[in-house]
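Undergrad: Got a structure for you, written out below as structure tokens; questions coming shortly.
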């Protein structure tokens, strides 16, 4: 299982290793769910859209999707 480092942009010293496949699936889902122009969405609206975009194999019924709601960014 490949891993990728992610950093909480609110706490730059907080770095975690996460499953790369799950990260990529969540990234793709966020990019599809969040509009590129105003007015934007609430966190609750984003979560609802995310679940529809996530692969059920990795996120059955949206399980663990809320963890990614914290602002995180990948680090090389």
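The values are calculated or read from the model by the stated rules, or taken from the named source; none is laboratory data. Not measured: the values here are computed from a predicted model. Cβ atoms come from the backbone with ideal geometry, glycine included; neighbour counts cover every protein chain shown.
Undergrad: Please indicate, with yes or no, whether at least one residue in region 4-18 is within 11 Å of the chain's Cα centre (by Cα) and in contact (Cβ under 8 Å) with a residue 24 or more places away in the chain.
TA: Looking for residues that are within 11 Å of the chain's Cα centre (by Cα) and in contact (Cβ under 8 Å) with a residue 24 or more places away in the chain, one finds at least one in region 4-18, hence yes.
Undergrad: Collect the residues in region 32-48 that are loosely packed, with under 13 Cβ neighbours inside 10 Å and either touching a helix residue (DSSP H, G or I) at 6+ places or on another chain (Cβ under 7 Å) or closer than 15 Å to residue 69 by Cβ (or both), keeping them in residue-number order.
TA: 32, 40, 42, 43, 44
Undergrad: Additional query: Can you tell me which residues in region 30-65 are under 22 Å from residue 3 (Cα atoms) and either at pLDDT 95 or above or assigned to a loop (DSSP other than H, G, I, E, B) (or both)?
TA: Correct list: 54, 55, 56, 57, 58, 59, 63, 64.
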